[in-house]
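All remarks here apply to the structure that follows.
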Amino acid sequence: MPRTPAYWLVKTEPDCFSIHDLAACPKQTTCWSGVRNFQARNFLRDGMKLGDQVFFYHSNAAPPSIVGLAVVVREAYPDATAWDPADDHYDPKASPENPTWQMVDLKLQEIFPRPLGLDELRTLPALKNMELLRKGSRLSVQPVAAAEFAAVMRLVQSAAQPSPGAVAKSVKKSASKAKRSSAARH
DNA sequence: GCCAACGTTGGC
DNA sequence: GCCAACGTTGGC
């Protein structure tokens, strides 16, 4: 029996690594290094399988939004940035013998016609219990229920021709918070 | 910039 | 094992 496909969401600060940066990568593929939270790592390591679809979310953006879709093209393997002292996410406790942290490879599947901001997502009843929308949620890698995934994708379809005034202008105020991301690598 | 929510650390 | 202190995340 093939496994039922699972759905996920990853967060990144666009000032750090945006979906457009992903689009510019060779083969539009990147390793998702830099995750330094155990719960997030466990989802990466144990949950994400080849072909799983992954919402791409921009945090610390204006507005914070789901901006597209990626697909898992390589399952978990050790995150070597963890034992690189020069890396922003260096972890002195990690080593090649004891990697601690894992990453997957993600390939861009689609940039949505427009960003789907938090306010808009909150209007969907199907997303009432979505982890992303939970107050205080900080998980940078999180599972998405199939029904939630479908609801967001329906919104994307309806977003293809946005009604006048419904388009959130994603003007970035580049808050000068240099680099601090738990999820992205640049 | 503020601050609530959360995760981690370390004294005990 | 408890929990206060601290650092980080991330919406606003």
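FYI, it's all coordinate maths here, none of it is from the lab. In this text, all values refer to a predicted model and were calculated from it rather than measured experimentally. Every residue, glycine as well, gets a Cβ built from its backbone with ideal geometry; the counts of neighbours run over all protein chains shown.
Which residues' amide hydrogens lie under 5 Å from the amide hydrogen of A:Q109, considering only partners 5 or more residues apart or on another chain, with H built in the peptide plane?
A:L69, A:A70, A:V71
Once fully extended, how much extra length lies between A:K135 and A:A147, figured as 0.36 nm per residue of separation less the alpha-carbon to alpha-carbon distance? Walk me through the numbers before you get to the answer.
On the way: separation 12, 0.36 × 12 = 4.32 nm, distance 2.03 nm.
Stretched fully, the A:K135-A:A147 segment lengthens by 2.3 nm.
Taking other Cβ within 10 Å of each residue's Cβ, how do A:L118, A:L108 sort, fewest first?
In increasing order of surrounding Cβ atoms, one gets A:L118, A:L108.
Please give me the summed charge of the neighbours of A:R134: other residues whose Cβ is under 14 Å from its Cβ, Lys and Arg +1, Asp and Glu -1.
On the way: positive: A:K11, A:R122, A:K128, A:K135, A:R138; negative: A:E131, A:E148.
Local net charge: +3.
Highest first, please rank the peptides A:82-95, A:57-70 by the mean number of other Cβ atoms sitting within 10 Å of their residues.
Peptide ranking by packing, descending: A:57-70, A:82-95.
Would the range A:61-108 count as rounded, prolate or oblate if I go by the C-alpha gyration tensor, calling it rounded below 1.5 in a/c and otherwise prolate when a/b exceeds b/c, oblate otherwise?
Cα axes put the range A:61-108 in the oblate bin.
Near the amide H of A:D15, under 5 Å away, which other amide H atoms are found, from residues 5 or more places off or on another chain, if H is placed in the peptide plane?
none
I'd like the Karplus ³J(HN,Hα) series for the range A:84-96: coefficients 6.51, -1.76, 1.60, θ = phi - 60°, whole numbers in Hz, and an x wherever there's a Gly or Pro.
My calculation for the range A:84-96 gives 9, x, 7, 7, 4, 10, 4, 10, x, 7, 8, 7, x Hz in order.
Give a residue-ordered list of calculated ³J(HN,Hα) values for the range A:102-108 (Karplus: 6.51 cos²θ - 1.76 cosθ + 1.60, θ = phi - 60°; whole Hz; x for Gly, Pro).
After applying 6.51 cos²θ - 1.76 cosθ + 1.60, I find 10, 9, 10, 9, 10, 10, 4 Hz.
Among A:E148, A:E120, which comes first, second and so on when ranked by fewest other beta-carbon atoms within 10 Å?
A:E120, A:E148
What residues of the range A:68-100 lie in the reach of a label at A:T29, counting those whose backbone N is under 12 Å from a point 7 Å from the Cα along Cα→Cβ?
A:71-75
Along the charge dipole of the range A:90-129, which of A:L124, A:Q102, A:P92 sits closest to the positive end, that is, farthest toward it, with unit charges on the beta carbon of Lys, Arg, Asp and Glu (+1, +1, -1, -1)?
The residue sitting most towards the positive pole is A:L124.
To make sure I understand, if each residue's beta carbon is the centre and we count other beta carbons within 10 Å, what order do A:Y7, A:Y77 fall in, fewest to most?
So the ranking, lowest neighbour count to highest, is A:Y77, A:Y7.
Taking θ as phi - 60°, what are the ³J(HN,Hα) couplings along the range A:124-133 by the Karplus curve (6.51, -1.76, 1.60), each to the nearest whole Hz, with x for Gly and Pro?
Karplus-based 3J(HN,Hα) across the range A:124-133 equals 8, x, 5, 9, 3, 9, 5, 4, 4, 8 Hz.
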